[in-house]
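Asks: Starting off with a structure, shown below.
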Amino acid sequence: MARVAIAHNAEPAKRRETNREQVTSVERALSILELLASRNHGLSSSEISRAAKVPKSSTSYLLRTLVGRGYVHRDAETGQHTLGIRVLSLGGQAMQGMALRDLAMPHLRQIVETTRLGSHLAILDHGDAVYIERIESPGFIKMDIWNGRRVAPQATAVGKALICQLSREEVQEIAGLHPLRQVSPRTIVTLPHLFEELAAIRRRGYAIDDEEHAVGVRCVAAPVFAASGEVVAAIGVSGTVSQVNDDYLPSLGKIVQTAALKLSAQLGGRRSR
């Protein structure tokens, strides 16, 4: 019986040990990247091992992996290591995201002050519309939106604004990755219907979510353009059906569109009109 108990407990212990080794490897890899970032010249494998206090064998293994993934560059002649382009690219994307949010905030505030409704900023990521910034309405009614929330593009105003300029093939690819599914009785669930809706968004300049994501809630959003002409974000506003009634909808659309075009102009994209 004792042997059975030992065998039963050995596997969890082995998993814990593996997890510790994985965490240690991640910490060592990050230490190497931070070390290279702090130096204005390249370092050899031995220098990295001593400075980062990582065994030589582990240093060599981690450097091969980091070089292979593009996070570290190794000079073939000198054997010196420096940060790779992949790290610079990630840093640039992070700075771009921060700059986008910083630039968008005054426009979101203006929308909230003008409409008394909640406003938000979203981007497209792996086929999802992702909220990255928001300002809640000053009233008692709050929308079910938070930073980092992912939603289906075809079921939301910001999502449809984000994909309105994509080709049919790109929209089909997104639908293939994230099948169109019904999240409310009014959700768009067929590609022909979605293509018609995207064409209407391009004509009027803003997208509408008419209770397509949540019953009783309406949203309006407009695309934000980069200098390349691509849609990089969407500015949206949400309210109840009574707050965003049929008479108010066109005016609200123009308010959101104006804010999105002003932000686009700041990014070097389309100028506001």
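Asks: Can you compute 3J(HN,Hα) from phi for each residue in region 191-197, using the Karplus curve 6.51 cos²θ - 1.76 cosθ + 1.60 with θ = phi - 60°, rounded to whole Hz and x for Gly and Pro?
Replies: Values per residue, Gly and Pro as x: 5, x, 5, 5, 4, 4, 5 Hz.
Asks: FRET efficiency for LYS53 and ARG101, Cβ-Cβ distance as r, R0 = 51 Å, nearest 0.05?
Replies: Working: r = 37 Å, r/R0 = 0.73.
For R0 = 51 Å, the calculated efficiency reads 0.85.
Asks: Given H placed on each backbone N at 1.01 Å, which residues far from LEU83 in sequence or on other chains put an amide H within less than 5 Å of it?
Replies: Here the answer is HIS73, since their amide H atoms fall under 5 Å of that of LEU83.
Asks: For a quick check: with amide H placed at 1.01 Å from N, whose amide H comes under 5 Å from GLU212's, ignoring anything fewer than 5 positions away on the same chain?
Replies: Those lying under 5 Å, H to H, from GLU212: there are none.
Asks: Taking square-rooted eigenvalues a ≥ b ≥ c of the alpha carbon gyration tensor, is region 158-273 rounded, prolate or oblate, where a/c under 1.5 means rounded and, failing that, a/b exceeding b/c means prolate?
Replies: Values: a/c = 2.20, a/b = 1.10, b/c = 1.99.
Judged from the Cα gyration tensor, region 158-273 comes out oblate (a/c at least 1.5, b/c at or above a/b).
Asks: Just grab the label-to-label distance for THR65 and SER242, each label 7 Å out from Cα along the Cβ direction, in nm (one decimal).
Replies: 5.7
Asks: What FRET efficiency, computed as 1/(1 + (r/R0)^6) with R0 = 41 Å and r the Cβ-Cβ distance, is obtained for GLN110 and PHE195, rounded to the nearest 0.05?
Replies: Details: r = 33 Å, r/R0 = 0.80.
For R0 = 41 Å, the calculated efficiency reads 0.80.
Asks: Right, something else. With θ set to phi - 60° and the Karplus curve 6.51 cos²θ - 1.76 cosθ + 1.60, what are the ³J(HN,Hα) couplings of region 240-256 in order, to the nearest whole Hz, using x for Gly and Pro?
Replies: 6, 4, 6, 6, 9, 7, 4, 5, 7, 3, x, 5, 5, x, 5, 4, 5
Asks: In what sequence do ARG134, ARG181 fall when counting other Cβ within 10 Å, fewest first? Intermediate results must be reported in sequence, preceding the final value.
Replies: Values: ARG134 19, ARG181 10.
Fewest-to-most Cβ neighbours within 10 Å comes out as ARG181, ARG134.
Asks: For the residues THR258, THR59, THR114, what sequence is obtained by ranking on other C-beta atoms within 10 Å, fewest first?
Replies: In increasing order of surrounding Cβ atoms, one gets THR114, THR258, THR59.
Rule-based calculations on the coordinates, nothing more; no lab input. These numbers come from a predicted model, not from an experiment. Here Cβ is always computed from backbone atoms with ideal geometry, including for glycine, and neighbour counts include all displayed protein chains.
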